[in-house]
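Below is one structure; the comments refer to it alone.
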Amino acid sequence: MVADPLCQQRYHCTHEAGVHSVGLTWVSKLHKFLQSDEEDKDNLQELASEQRCIVEHILCTRPLSSSSSAPVRGFWIVSDLSLGATMICITSAHECLTRPLLSSIRPPSPPLLCSRPGLGLGSSPLRGLAEDSFEQHIRNILARNSTNPLVLRAGEKDCSPPPPECLQLLSRATQVFREEYILKQDLAREEMEHRVKLLCGQKNKQMEDLALCREERKSLREMAERLADKYEDAKYRQEAIMNRMKRVLGSLRYQLPVLSDSEKDMRKELQTINDQLHHLGNGIKQVREWTHCLAQPVR
């Protein structure tokens with residue numbers, strides 16, 4: 001038995017009939033319970049309710065009891081972006097095979113920055129919807145509990161196995177394909193058809209609402225145009241009334257006995273000019289008298 005280098009909860013066992021993968025989903029919870037100081041009954045009940053393990057038959061080199069043993073020479077686990085978690089096996093015939101591992105047993109993902117306390121003021125409302133999304137629901141339906149291993153025939157190729165054992169192997173493989181593939185795909189198809197039906201109904205309802213919104217927008221636009229015309233008419237009438245009021249106020253101002261400020265200023269200016277003319281006349285008179293005196297002969 002060899003521990004998986006990518007996942008601490010998974011171990012791989014090689015034997016004369018092939019390779020098995022064993023997933024212990026309760027290991028992390030057991031470590032957490034053992035590291036805790038006080039006994040927690042809830043954790044004990046949770047550990048008791050956990051399933052014992054998840055076993056996956058990766059490679060079968062002895063499909064029948066009459067087949068000869070052919071253990072693998074070696075294997076290794078790699079992680080690639082295109083392949084995912086994959087096991088590379090070297091068979092007894094020195095052939096290299098690659099087999100994907102179940103995605104139900106995987107190492108825990110590191111916590112996101114948004115999930116750490118104190119880094120965000122609030123959680124996004126879309127996060128709850130993303131956790132229970134329809135895509136995840138379909139993935140849960142299509143999740144396989146068991147798979148058919150890759151069967152390799154060892155021993156003499158000309159030696160045919162007994163028909164009952166072949167029939168039993170075929171029946172078992174057919175049952176797995178029916179239960180883990182066909183039935184689950186049919187269930188997923190029914191769920192998707194039901195979801196499509198709901199989405200079509202929502203789409204039709206939204207199209208009706210959109211048509212109503214377009215009609216309301218059209219009516220509001222026509223109403224806005226009418227209001228704009230009324231506003232322009234009212235503005236024109238208001239300007240005409242204001243000009244008429246200005247003319248009336250101007251005519252009333254001219255008819256008032258009280259002088260305006262400009263008229264008062266003009267009166268002061270005219271009085272100043274009159275005073276200046278009076279002084280100027282006196283000066284001219286004095287100049288004439290003085291000239292007349294100078295023009296008389298001296299006796």
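In this simple spin-label model, placing a label point 7 Å from the Cα along the Cα-to-Cβ direction at both Arg267 and Ala188 gives a separation of 10.5 nm.
The listed residues Phe177, Phe75, once ranked by accessible area (1.4 Å probe) with the largest placed first, stand as Phe177, Phe75. Residues of region 218-235 with amide nitrogen under 20 Å from the 7 Å Cα-to-Cβ point of Ile241? Inside the label zone: 227-235.
Using Cα positions and a limit of under 24 Å, work out the lysines in reach of Lys184, with same-chain residues fewer than 8 apart set aside. Those lysines meeting the cut-off are Lys197.
Every Cα-Cα pair of region 167-299 was included, and the share exceeding 25 Å stands at 77 percent.
Equivalent-ellipsoid semi-axes for region 170-214 (Cα gyration tensor, √(5λ), whole Å, largest first): 42, 5, 4. For Lys285, the lysines whose Cα falls under 27 Å of its own Cα, not counting residues fewer than eight places away in the same chain, are Lys268.
Straight-line cross-link partners of Lys246 among the lysines, defined as a Cα under 25 Å from its Cα and at least 8 positions apart when in the same chain: Lys230, Lys235, Lys264. Projected label points at Leu212 and Thr98, each 7 Å from Cα along the beta carbon direction, are separated by 5.6 nanometres.
In nm, to one decimal, how far is the Ala3 label point from the His279 one, both placed 7 Å along Cα→Cβ? Taking the simple label geometry, Ala3 and His279 are separated by 12.0 nm.
Between Leu252 and Lys230, the C-beta separation translates, for a Förster distance of 41 Å, into a calculated FRET efficiency of about 0.80.
Lys218 contributes an accessible area of around 130 Å² to the protein surface, as traced by a 1.4 Å probe with all chains present. The heavy atoms of His278 offer some 110 square angstrom of accessible surface to a 1.4 angstrom probe.
The values are calculated or read from the model by the stated rules, or taken from the named source; none is laboratory data. In this text the structure is predicted, and so the values were computed from the model without any measurement. A quick note on method: Cβ atoms are made from the backbone with ideal geometry, for glycine too, and the neighbour counts reach across all protein chains shown. Areas reflect the complete protein model, heavy atoms only, side chains present, ligands, DNA and RNA absent. Shrake-Rupley method; radii C 1.70, N 1.55, O 1.52, S 1.80 Å.
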